[in-house]
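Asker: Before I ask anything, let me first share the structure, which is written out below as structure tokens.
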Amino acid sequence: MEQLGLEATHADVGLLALFWQAGFVVKLVMLGLIAASVWTWAIVIEKIIAYNKERRAYNQFEDAFWSGTSLEKLYSNLSDRKTSGMAAVFVSAMREWKKSFERGARAPMGLQMRVEKAMDVAIQREAEKLEARLGFLASVGSAAPFIGLFGTVIGIMTSFQAIAGSKSTNLAVVAPGIAEALLATAIGLVAAIPAVIAYNKFSADSGKLEGRMEGFADEFSSILSRQIDEKLQSRPAAE
């Protein structure tokens, strides 16, 4: 009988038991933090897959770009596809470059500025895709501990009310309420710690990918500048 009593007491302070015994507000806080943690891990998995895919796409594009294939052929291969990253920057620059020459562009500086602006816009668009949902990770990482602390405060207040109602300071009276309160803080930390680590990791990865795009844009801008000079110099002779 004594053993059964010990097992019942142990069961009463289990995690699920503490959750079901918690008050409405504390339970709501726990559920919100659990949902935030699940969504955080969903974002982490999605970002790992997406960033690995982007790195492979960057490497494949760089191999194709520096393989000696003509810009016109590479553009024709990519222009009808859904592109991202460096390929999207390349296509946007080539599209502006071709449009300008088709309309009889004669000012090298203006053409160069339009091409660079097109690449800047493409880089900004791709950067927004890379950084999508990172703000949620930052919010969870910063807010989850305080939300858990709010649940803890409510739980401790409930425990003090139980003390006042029972007129007893016996630990058995206040222990369940305190345990429920501390569980809210623990769930907040479980949600916040992975979110902070993931945010820092993905922010660094995003910065590296954006840096690769910007470096390619600078190199490609130099290549197009030479192409523009050659075309504009050869036009008067052809005319």
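Asker: So if I check each of Ile178, Ile197, which one is at pLDDT below 85 and β-branched (Val, Ile, Thr)? Step through it out loud before you land on a result.
Answerer: Working: Ile197 fails: at pLDDT below 85.
Being at pLDDT below 85 and β-branched (Val, Ile, Thr) holds for just one of Ile178, Ile197, which is Ile178.
Asker: Given the criteria at pLDDT 95 or above, among the aliphatic types (A, V, I, L, M), under 23 Å from the mean Cα position of the chain (by Cα) and open to solvent by 60 Å² or more (accessible area, probe 1.4 Å), does Ile49 qualify?
Answerer: Considered against the rule, which asks whether it is at pLDDT 95 or above, among the aliphatic types (A, V, I, L, M), under 23 Å from the mean Cα position of the chain (by Cα) and open to solvent by 60 Å² or more (accessible area, probe 1.4 Å), Ile49 comes out as yes.
Asker: Shifting gears a bit: Return the residue satisfying two criteria in turn: it lies in segment 64-84 and is assigned to a loop (DSSP other than H, G, I, E, B) and in contact (Cβ under 8 Å) with a residue 12 or more places away in the chain, and of such residues it is nearest to Ala122 (Cα to Cα).
Answerer: The qualifying residue nearest to Ala122 (Cα to Cα) is Ser84.
Asker: Please go through (1) small (Gly, Ala, Ser); (2) out of contact with any helix residue (DSSP H, G or I) (no Cβ under 6 Å at 6 or more places or on another chain); (3) within 30 Å of Asn200 (Cα to Cα) for Ser70 and return the number of the only condition it doesn't satisfy.
Answerer: Among (1) small (Gly, Ala, Ser); (2) out of contact with any helix residue (DSSP H, G or I) (no Cβ under 6 Å at 6 or more places or on another chain); (3) within 30 Å of Asn200 (Cα to Cα), Ser70 violates only (3).
Residue-wise test of (1) open to solvent by 40 Å² or more (accessible area, probe 1.4 Å); (2) at pLDDT 85 or above; (3) β-branched (Val, Ile, Thr).
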{"site": "Ala88", "(1), (2), (3)": "no, yes, no"}
{"site": "Ala122", "(1), (2), (3)": "no, yes, no"}
{"site": "Ser139", "(1), (2), (3)": "yes, yes, no"}
{"site": "Gln161", "(1), (2), (3)": "yes, no, no"}
{"site": "Val174", "(1), (2), (3)": "no, no, yes"}
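Asker: Something else about it: Answer yes or no as to whether Thr152 is part of a helix (DSSP H, G or I), among the polar types (S, T, N, Q), closer than 18 Å to Trp20 by Cα and modelled with pLDDT under 85.
Answerer: In short, no.
Asker: Another question, if that's okay. Could you grab me the full set of residues in segment 194-228 that are farther than 19 Å from Glu131 by Cα and either surrounded by fewer than 17 Cβ atoms within 10 Å (Cβ to Cβ) or in contact with a His (Cβ under 7 Å, 6 or more places away or on another chain) (or both)?
Answerer: Asp218, Glu219, Ser221, Ser222, Ile223, Ser225, Arg226, Gln227
Asker: So, one more: I'd like the full set of residues that are touching a residue at least 40 places away in the same chain (Cβ under 8 Å) and over 17 Å from Ala198 (Cα atoms), limited to segment 41-63.
Answerer: Passing the criteria: Glu54, Arg55, Tyr58, Glu62.
The values are calculated or read from the model by the stated rules, or taken from the named source; none is laboratory data. None of these values were measured; they are calculated from a predicted model. Using ideal geometry, Cβ is built from the backbone for each residue, glycine included, and neighbour counts are taken over all protein chains shown. Please note that ligands, DNA and RNA were not included when accessible areas were found on the heavy atoms of the full protein model with its side chains. Shrake-Rupley method; radii C 1.70, N 1.55, O 1.52, S 1.80 Å.
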